[in-house]
Amino acid sequence: MQKKQTFTVAEAQQKLEHYCSYQERCHKEVETKLKSLGMIPSTIDFIMSYLINENYLNESRFAQSFARGKFRIKKWGKVRIKKELKARQISEYNIKLGMKEITDSEYKTTFWTLFEKRKDAVKGQEIHLQKKKILSYMVYRGWETQLIYEALNDL
């Protein structure tokens, strides 16, 4: 049986510096990582404080980066982005800050691009089936139902 590896506070701190430097992380991810390294609660608090003070960990920066990335790369709508940020226990203030990263013009352009792409993909099927498939696809991606219905009414 393999013995579980243990880390000193300094080793764990260094590991987490690299972990946070590689990619923006939220507090929840870092805490989970520290627990997986077998750290005790007081040590977790100590390392978390250190990472925040040294600016390795910044929830506002995480929320902004997350919102930008999921919108531009994965083409997620605001509904899904907000839901995912809430699941990561990001504060309401930081969620709003993250949402400011998405401009209205860029949002509308992306919506229509995605809508048209999906419309082309379901062409040739019955109109009610087309609408159903477009709706479920866009809702899954996190776009507002009001926006989707308005676009579907133009079909």
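Among the residues of region 87-142, those that are more than 30 Å from Thr32 (Cα to Cα) and outside any helix (DSSP H, G or I) comprise Thr103, Val122, Lys123, Gly124, Gln125, Glu126. Scanning region 80-94 for residues that are touching a residue at least 60 places away in the same chain (Cβ under 8 Å) and surrounded by fewer than 16 Cβ atoms within 10 Å (Cβ to Cβ) returns a single hit, Gln89. Where the second residue is of a type in the set (A, V, I, L, M) and exposed (fewer than 14 other Cβ atoms within 10 Å of the Cβ) and the first is more than 17 Å from Lys78 (Cβ to Cβ) and lies in region 114-143, which pairs have Cβ atoms under 9 Å and are six or more apart or on separate chains? Going by the 9 Å Cβ cut-off, the qualifying pairs are Lys119/Leu155; Val122/Leu129; Ile127/Leu155; Gln130/Leu155; Lys131/Leu155; Lys133/Ala121; Ile134/Ala121; Ile134/Leu155. None of Ala63, Ala12 is over 30 Å from Ile148 (Cβ atoms) and among the aliphatic types (A, V, I, L, M) except Ala12. Whenever a residue of region 43-64 is of a type in the set (Ser, Thr, Tyr), it has no partner that is outside any helix (DSSP H, G or I) lying with C-beta atoms less than 8 angstrom away and at least six residues away or across chains.
Read-outs throughout are calculated quantities, based only on the coordinates presented, and are distinct from any laboratory measurement. Predicted model, so just to flag it, every value in this text is computed and none were measured. All Cβ positions, glycine included, derive from the backbone under ideal geometry; neighbour counts span all protein chains shown.
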